[in-house]
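Below is one structure, written out as structure tokens, with a few remarks after it.
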Amino acid sequence: QFETMSTAETKMIDDELSMYRQLEQQQNYILNTRQTTIAQLRENEMVKAELERLEDGAPVFKLVGQVLLSQELDEAKQNVNKRIEFIAGEITKAEQKIEENKKRMQGHGEKIMKMQTDLRAKAADAAKKVYEQQTALEGPDE
């Protein structure tokens with residue numbers, strides 16, 4: 001009976017571990033994505049700073065594929081500002097997902113630890129019962 005119970009409980013622990021590992025993989029993906037997005041933000045901030053240093057009417061070119069196209073300075077500034085806004089929003093979303101995943105991972109981790117502790121306690125109780133049964137069968141010291 002204990003063996004069947006522990007097998008079912010072990011499967012439940014394995015299932016929880018599997019969910020935890022999936023969350024961990026998601027977390028790593030989100031962290032990597034956030035790092036890439038932060039690099040894009042820094043790059044766009046550098047472009048913005050360079051554009052701010054230009055005088056009105058200075059020529060600005062935009063690379064589209066393999067072609068450089070002329071672009072108005074104000075238009076270039078607006079585009080960079082929009083990109084910075086968008087990227088900052090993506091970073092905020094990623095950070096929210098990271099926090100959500102942390103909480104979910106913590107919940108699964110706590111559940112796994114409790115299940116393992118319960119399983120150990122049941123195993124100890126079963127071992128104690130077996131010991132008591134064997135001691136009772138052997139009788140008083142011979």
Using DSSP to call loops (not H, G, I, E or B), can you name the GluC sites (Glu not before Pro) in the stretch 47-113 whose Cβ has at most 15 other Cβ atoms within 10 angstrom? E55, E72
What aspartates and glutamates sit close enough to K62 to cross-link, taking a C-alpha to C-alpha distance under 20 Å and skipping anything fewer than 8 places away on the same chain? E43, E45, E50, E52, E72, D74, E75, E85
So, over other residues within a Cβ distance under 11 Å of D125, counting Lys, Arg +1 and Asp, Glu -1, the net charge is +2
Extension gain from Q25 to L69, taking 0.36 nm per residue of separation minus the Cα-Cα distance: 11.7 nm
Just add up the charged neighbours of E24: K/R +1, D/E -1, any other residue whose Cβ is under 12 Å from the Cβ of E24. +3
Apportionment of accessible area to carbon and sulfur, the chain, percent (1.4 Å): 53
To the nearest Å², the heavy-atom accessible area per residue of the stretch 40-118 with 1.4 Å probe amounts to 77
Principal-axis tilt of helix 2-53 within the chain, Cα atoms, nearest 10 degrees: 10
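The values are calculated or read from the model by the stated rules, or taken from the named source; none is laboratory data. Keep in mind the model is a prediction, meaning the values are calculated, not measured. Methodologically, a virtual Cβ is constructed for each residue, glycine included, from the backbone with ideal geometry; neighbour enumeration extends over all protein chains shown. Areas reflect the complete protein model, heavy atoms only, side chains present, ligands, DNA and RNA absent. Shrake-Rupley method; radii C 1.70, N 1.55, O 1.52, S 1.80 Å.
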